[in-house]
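The block underneath contains the structure these notes are about, expressed in structure tokens.
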């Protein structure tokens, strides 16, 4: 495994170098594809009003993720250490900035895990109505299940992620195939007759200014749907050959997601006319109902559960690596870098699951999801800034992989991230303000943590 001379030596028990490209791609696919793709097509169609522009927007969102993956691949291959974005921020800007980035990343992960757990409970209640009054208990049970899987070790977590991602991809491709084989003019006509759209249901942007505004709003939703493409970076230290495995995992994972999302949107438009997609909160359910009747709703619920299972497994596997990295570098309690024989940071895992469980019980998910979106794009922006900074400050550093098209590819992601954050500040002021407050809260937390953390022995 590649090492970094400035890394703090690990405590007894260590992460295992047993992961490969198959897991990396499964992690990227599993960490990205969730319930968002089931809902977002309707939002995008309502904004753009044209099938061509809808597909262009989804491809643009995929390009943003791909260019971000190229930047992350260079950073991760040159600094193959556990901790994710925190590693690069600390290297560039010091301990305080590194802690803030790690704090943002871990809080974002816990929020996402909690939301997924609650959503699993909601979908389970749809399949089994007797669970209606126990949705949060179902969410907590799912959280406990995946925590226990991770406690078995990294190979158990890796195996479950590969299986869930394969099942998820197969299920989505089955839906795509059914739509292309069974959809057509007849289903679009039936949908138009069965689902009222009302006047003005399909907004057609007026002029280039209107189109630009619609694209910005659409890309905000699409970029959020692509969140998770960076999942392999949390396991940089655990790849057998990180200099090769990590770039291939990031790039391969993003390309797989782009292909699935593009085919999924084409399949929806094969079955439903765009005005119907635009007014639907869950267009894939409407398409399934047309194709399969009452059974369609249950089939889509199972698809959603598969998507969410892979997502929660990837998130609950990655989040403890953030705390592990902070702890190993003496920015957090040294107790948190304990690793069991299976290669799982056990204390970090328990803390992550407890935090997510508390959010399941008492979180306001409308606020938390708004926070998470702002935090994740902020992390992408930090990563791009670190890429520029390290290229300037450390040109001699070995870089097994170099971002294709640098500096222009990185500049596109930087500008896209800034535009997203400005849009969020202007259009979602409350949640963005809470996110900034949360980032600021990292300062006193860092000071308290450093005061309670014993200094490293000379």
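Read-outs throughout are calculated quantities, based only on the coordinates presented, and are distinct from any laboratory measurement. Small disclaimer: the values here were computed from a predicted structure and weren't measured. Cβ atoms come from the backbone with ideal geometry, glycine included; neighbour counts cover every protein chain shown.
Peptides 119-127, 154-162, 378-386, 444-452 ordered by packing proxy, namely the average of other Cβ atoms within 10 Å per residue, highest first: 378-386, 154-162, 119-127, 444-452.
Remark on the range 236-336: Rg and Dmax equal 20.1, 58 Å (Cα only).
For the range 103-241, the Kirkwood radius over C-alpha pairs fed into Stokes-Einstein at 25 °C and 0.890 mPa s yields D = 125 µm² per second.
Summed over all non-identical Cα pairs, the Kirkwood treatment of the range 318-406 gives a radius of 16.0 Å. The share of alpha-carbon pairs in the range 78-141 lying farther apart than 21 Å comes to 47%.
Based on the Kirkwood approach, the hydrodynamic radius assigned to the range 166-266 is 17.3 Å, with every pair of different Cα atoms included. Between residue 282 and residue 186, the FRET efficiency from the beta-carbon distance, with R0 = 25 Å, is close to 0.70.
Short to long, the 5 Å bins of the Cα pair-distance histogram for the range 121-191 hold 3, 13, 12, 12, 16, 16, 12, 8, 5, 2, 1 percent of all pairs. Diffusion of the range 364-442 by Stokes-Einstein, at 4 °C in a medium of 1.567 mPa s and with Rh set to the Kirkwood radius over alpha-carbon pairs, works out to 92 µm²/s.
Computed from label points 7 Å out along Cα-Cβ, the spacing between residue 174 and residue 132 is 2.8 nm.
Projected onto their three principal axes, the Cα atoms of the range 309-360 cover extents of 31, 24, 14 Å, largest first. The orientation-averaged projected area of the convex hull spanned by the Cα atoms of the range 22-165 comes to 11.7 nm². Spherically averaged projected area of the convex hull of Cα atoms, the chain: 21.5 nm². In the P(r) worked out for the range 400-450, what percent of Cα pairs fall beyond 13 Å? Considering the range 400-450, 70 percent of its Cα-Cα pairs are separated by more than 13 Å. The stretch between residue 240 and residue 392, if pulled fully straight at 0.36 nm per residue, gains 51.8 nm over its current Cα-Cα span. Over the range 299-450, the ratio between the Cα radius of gyration and 2.2 N^0.38 Å evaluates to 1.25.
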